[in-house]
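Trainee: Below is one structure. I have some questions about it.
The values are calculated or read from the model by the stated rules, or taken from the named source; none is laboratory data. In this text the structure is predicted, and so the values were computed from the model without any measurement. Positions of Cβ are generated from backbone atoms using ideal geometry, with glycine treated the same way; all protein chains shown enter the neighbour counts.
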Amino acid sequence: MKIRNSLKSAKVREKGCRVVRRKGRVYVINKRHPRFKARQG
């Protein structure tokens, strides 16, 4: 999982990416390609 300041570029890398808020943190998850996971902050 990458930790990034901004998730905008992480979101557009692959069309299956979704932005999700969990426990006050913002994540990008992708069920088909888990290597695109990212967290903000």
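Trainee: Counting only residues that are part of a strand (DSSP E or B), under 9 Å from the mean Cα position of the chain (by Cα) and of a type outside the set (A, V, I, L, M, F, W, C), which one in region 9-36 is surrounded by the fewest Cβ atoms within 10 Å (Cβ to Cβ)?
Mentor: By that ranking, first place goes to Arg18.
Trainee: Output the number of the condition that Ser6 fails; it satisfies all remaining conditions of (1) in a strand (DSSP E or B); (2) surrounded by fewer than 14 Cβ atoms within 10 Å (Cβ to Cβ); (3) among the hydroxyl-bearing types (Ser, Thr, Tyr).
Mentor: For Ser6, the exception is condition (1).
Trainee: Does any residue in region 1-27 that is over 10 Å from Gln40 (Cβ atoms) and of a type in the set (Lys, Arg) come within less than 6 Å, Cβ to Cβ, of a residue that is at pLDDT below 90 and surrounded by 14 or more Cβ atoms within 10 Å (Cβ to Cβ) six or more places away or on a different chain, and which pairs are these?
Mentor: Pairs found: none.
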